[in-house]
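K.L.:
The structure is given below, and queries will be raised subsequently.
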Amino acid sequence: MEEEVEMEGWHQLYPGHIPTSPLQKVLLAAGSAVMALCDPYRHGKAGERSACHPHMVAVLGETTGCLALPNLRDKMKNHPEGYRILRERPRIRLSTLDMARLQGLPDGSLGREYVRFLENNVSVGFHGVQIPVADPCAWSTGEIGATELSWTSLDLQKVSPDTRMPPKFVDDEELAYVIQRYREVHDLMHTLLGMPTNMLGEVVVKWFEAIQTGLPMCVLGAAFGPVRLSTRKLQVLATELVPWAIRSGLNASCVLNIYYEQRWEQPVESLREELGIFPPPAVRV
């Protein structure tokens with residue numbers, strides 16, 4: 001661990017850490033909760049999701065996770081694979097992923113399906129991150145075609161491991177890594193659960209994560225995320241998807257105890273069975 005830095009009577013525990021008092025955490029939690037609830041899927045121009053929403057949700061997770069994060073850390077410490085993750089501190093970043101290798105894995109494998117998820121959920125800009133580009137004409141629309149992809153230096157504006165906000169307000173270096181790891185495997189939860197990143201898919205993943213992690217921000221997203229869904233989607237959510245997500249969340253072992261970087265070749269169905277996640281319902285999400 002890096003040497004602690006004294007900051008006005010507090011200690012900076014890791015790069016980017018902002019020490020806060022209990023009162024400051026309460027104020028941050030209240031403000032971030034209000035911002036997230038006022039517009040849970042706020043978007044900016046041209047359909048791009050604004051920076052406000054993910055940052056507010058991230059702050060909410062850090063300032064309200066005082067009970068859930070130690071519990072998750074303890075689950076990892078008491079599991080051989082989880083303990084190794086805590087010790088080695090792997091990061092899921094575009095700079096640490098061999099995208100060409102993952103793209104060449106067989107269909108149905110975790111690595112290939114994860115890359116397919118990224119291919120289906122990215123839009124492009126020009127700020128220097130590696131992402132797939134199929135057709136230069138897609139740059140103006142932010143759409144990626146279904147053809148063979150190459151990896152080009154551009155900026156991910158929608159979904160990627162690199163869009164996850166680093167922790168700032170967690171006053172424990174190890175717990176900060178736990179919430180960072182949770183954020184970086186979130187897209188893998190979409191892959192394992194077979195859920196897209198539309199509003200309905202995000203709500204379903206939040207129900208699963210709420211059961212799995214106990215993080216208040218996940219509970220909040222699961223409870224209030226459906227408010228903007230259509231009547232038809234609400235019916236599908238209530239009768240099919242939420243019961244499945246709850247049963248899977250209760251039945252599955254801790255998803256943070258999987259060293260995903262060493263499981264890319266494993267079939268998604270096999271990993272679901274290992275974790276105890278039931279097959280997704282045969283409904284259109």
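The values are calculated or read from the model by the stated rules, or taken from the named source; none is laboratory data. Computed from a prediction, not measured in an experiment: that's the story for all the values here. For accessibility, only protein heavy atoms count, side chains too; no ligands or nucleic acids. Shrake-Rupley method; radii C 1.70, N 1.55, O 1.52, S 1.80 Å.
K.L.:
Can you pull the percent of the stretch 212-285's accessible area that's carbon plus sulfur, 1.4 Å probe, other chains left in place?
P.N.:
Solvent-exposed carbon and sulfur of the stretch 212-285 make up 56 percent of the total.
K.L.:
Please calculate the 1.4 Å probe accessible area of SER230, with all protein chains present, and give it to the nearest 10 Å².
P.N.:
Its accessible surface works out to 60 Å², give or take rounding.
K.L.:
Let me ask another. Non-local amide H neighbours of SER109 (under 5 Å, H modeled in plane, Pro and chain starts lacking H): which ones?
P.N.:
So SER109 has HN proximity to VAL268.
K.L.:
For a quick check of understanding: with a 1.4 angstrom probe and all protein chains in place, what accessible area in square angstrom does TYR177 have, to the nearest ten?
P.N.:
Approximately 20 Å² for this residue.
K.L.:
Whole Å is fine, so just give me how far the alpha carbon centre of the stretch 61-103 lies from that of the stretch 197-212.
P.N.:
Between the Cα centres of the stretch 61-103 and the stretch 197-212 lies a distance of 19 Å.
K.L.:
Right, next: Have a look at the stretch 155-285 and give its Rg and Dmax from the Cα atoms, expressed in angstrom.
P.N.:
In order Rg, Dmax, the Cα atoms of the stretch 155-285 give 14.9, 44 Å.
K.L.:
Using a 1.4 angstrom probe on the protein heavy atoms only, could you order THR63, THR231 from most to least accessible area?
P.N.:
Sorted by accessible area, descending: THR231, THR63.
K.L.:
Right, something else. Compute, for HIS55, the solvent-accessible surface of its heavy atoms (probe 1.4 Å) with the complete set of protein chains present, and express it in square angstrom to the nearest 10.
P.N.:
90
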